[in-house]
Ligand SMILES: Cc1cc2nc3c(=O)[nH]c(=O)nc-3n(C[C@H](O)[C@H](O)[C@H](O)COP(=O)(O)O)c2cc1C
């Protein structure tokens with residue numbers, strides 16, 4: 001039997017943040033958000049035949065640490081961020097095959113606006129657009145859209161599913177053969193090919209139809225990343241392809257099984273829904289060189305920046321930590337404050353034990369490894385990395401592939417992926433040797 005091929009994306013969300021922007025070789029001559037750097041990135045990704053370049057998003061400035069945004073701004077932690085929609089257009093104009101994934105929050109956006117925007121992007125890119133839907137988990141993001149706090153977790157996902165229903169109805173509201181553009185008769189469109197949406201739900205009321213010509217993909221590719229049981233159910237409902245977190249392999253295997261169950265419950269075939277696992281990666285000619293590059297991550301940001309990052313992600317201000325504390329005490333305090341004890345604290349408790357006593361400085365040292373993804377960064381030669389990716393791919397059902405990213409510096413690390421890792425995977429029959437199809441959907445969802 002032929003070996004199943006992987007799909008590869010590149011997540012550039014963090015390449016200008018967390019001190020990566022000044023690592024050796026990083027973007028000479030460019031400062032974010034210079035469009036030239038993103039165009040160059042897209043060209044390199046296409047040279048490597050990657051499926052997609054992708055960015056996550058957040059719409060607020062982190063301000064949990066010390067109750068202030070100063071550290072986030074000073075050290076570039078989850079700041080600055082840009083609406084990347086126009087940048088996808090620019091990248092599409094200098095490439096022909098690679099796809100583009102943009103992130104939108106179903107908690108703030110309106111489905112009519114978003115469905116219409118995606119239609120235009122699908123036209124401009126020639127059918128190469130994907131929408132990543134997030135529910136948003138950060139207070140400072142909600143605060144810019146009229147909310148005093150987070151929307152309830154269950155409501156966020158109910159809204160995401162309804163949002164998706166409305167978008168799908170809108171994309172389907174104009175048939176693929178609705179346009180006539182008949183110069184002889186003067187008829188532009190066939191009225192019989194449009195249908196109302198008439199959606200009236202808990203969150204949205206939309207009459208439809210969409211007032212746009214049908215786009216190459218019809219519906220863009222939908223991506224979703226949910227971690228909780230409710231989030232995974234939403235993945236099964238929403239996603240053509242799931243974005244999975246960079247957890248330890250046994251946890252990824254568990255998420256794959258949970259997703260399969262959720263897909264079956266909805267009558268979907270789990271074989272057809274891949275997961276792209278988020279994978280921080282450093283490729284070099286030799287293992288030694290790769291490990292040396294990975295060490296640079298530990299010099300990239302000061303403790304203040306680590307505090308800003310951790311506090312933003314958990315919703316708990318770690319600047320208020322006492323000089324010494326146990327992990328159990330910290331966990332209890334975070335939960336009591338309605339913040340979320342993120343995976344990092346759980347992992348720390350699993351490794352050191354809940355009774356472990358830490359000083360504030362020690363906690364931030366562990367936090368540095370978290371904020372830079374140091375421990376989770378795969379570093380090695382192309383052959384070593386291909387071995388590891390094959391192992392992960394097979395253990396998680398050989399469907400989907402990897403969203404590589406969180407590199408040390410761009411573009412050198414993307415060049416390593418395109419010019420060294422990809423050829424190694426191709427030699428093993430694990431990656432395409434040409435783009436076979438015109439649209440992202442066809443290329444990315446091919447099994
Ligand atoms: C790989 C990955 C990427 C994510 N990217 C974003 C993002 O760009 N913006 C965002 O607001 N949330 C992002 N999230 C958060 C998820 O949307 C989701 O809220 C989180 O995984 C928690 O899952 P839960 O809501 O099911 O508990 C990401 C999550 C994962 C695993």
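All conditions in (1) closer than 30 Å to residue 312 by Cα; (2) away from the ligand (no atom under 13 Å from the Cβ); (3) assigned to a helix (DSSP H, G or I) hold for residue 149, with the sole exception of (3). Quick one: in segment 34-86, which of the residues that are in a helix (DSSP H, G or I) and closer than 20 Å to residue 134 by Cα is farthest from the chain's Cα centre (by Cα)? Once the filter is applied, the top-ranked residue is 86.
On the stretch given as segment 226-260, residues that are closer than 24 Å to residue 55 by Cβ, in contact with a strand residue (DSSP E or B) (Cβ under 7 Å, 6 or more places away or on another chain) and modelled with pLDDT of 95 or more total 12.
If the condition is being away from the ligand (no atom under 16 Å from the Cβ) and in contact with a helix residue (DSSP H, G or I) (Cβ under 8 Å, 6 or more places away or on another chain), then segment 392-408 contributes 395, 397, 399, 408. If you go through segment 92-108 and keep only what is more than 12 Å from the ligand (Cβ to nearest atom) and surrounded by fewer than 24 Cβ atoms within 10 Å (Cβ to Cβ), you end up with 92, 93, 94, 95, 96, 97. Counting residues in segment 303-317 that are outside the structural domain of residue 80 (by TED's automatic domain parsing), in contact with a helix residue (DSSP H, G or I) (Cβ under 7 Å, 6 or more places away or on another chain), in a helix (DSSP H, G or I) and closer than 27 Å to residue 236 by Cα gives one or more.
Could you check, for segment 203-224, whether at least one of its residues is within 11 Å of the ligand (Cβ to nearest atom), under 17 Å from residue 104 (Cα atoms) and either modelled with pLDDT of 95 or more or part of a helix (DSSP H, G or I) (or both)? Scanning segment 203-224 turns up at least one residue that is within 11 Å of the ligand (Cβ to nearest atom), under 17 Å from residue 104 (Cα atoms) and either modelled with pLDDT of 95 or more or part of a helix (DSSP H, G or I) (or both). Scanning segment 340-354 for residues that are within 16 Å of residue 325 (Cα to Cα), within 13 Å of the ligand (Cβ to nearest atom) and part of a loop (DSSP other than H, G, I, E, B) yields a total of 1. Within this structure, residue 115 fails the test of being over 30 Å from residue 307 (Cα atoms), in contact with a strand residue (DSSP E or B) (Cβ under 6 Å, 6 or more places away or on another chain) and either outside any loop (DSSP other than H, G, I, E, B) or modelled with pLDDT of 95 or more (or both).
Residue count for segment 432-442 under the criterion of being over 21 Å from the mean Cα position of the chain (by Cα) and either surrounded by 15 or more Cβ atoms within 10 Å (Cβ to Cβ) or part of a helix (DSSP H, G or I) (or both): the result is 3.
Within segment 103-114, the only residue that satisfies the criterion of being under 29 Å from residue 44 (Cα atoms) and in contact with a helix residue (DSSP H, G or I) (Cβ under 6 Å, 6 or more places away or on another chain) is 104.
Return a yes/no flag: does segment 6-13 have any residue that is buried (at least 18 other Cβ atoms within 10 Å of the Cβ), away from the ligand (no atom under 16 Å from the Cβ) and under 23 Å from residue 242 (Cβ atoms). Checked against the condition, which is being buried (at least 18 other Cβ atoms within 10 Å of the Cβ), away from the ligand (no atom under 16 Å from the Cβ) and under 23 Å from residue 242 (Cβ atoms), segment 6-13 yields at least one hit.
The condition (being over 16 Å from the mean Cα position of the chain (by Cα) and assigned by TED's automatic domain parsing to the domain that holds residue 386) is satisfied by just one residue among 276, 266: 266.
The values are calculated or read from the model by the stated rules, or taken from the named source; none is laboratory data. Note that the structure is predicted; figures quoted are calculated from it, not measured. Virtual Cβ from ideal backbone geometry, glycine too; neighbours counted across all protein chains shown.
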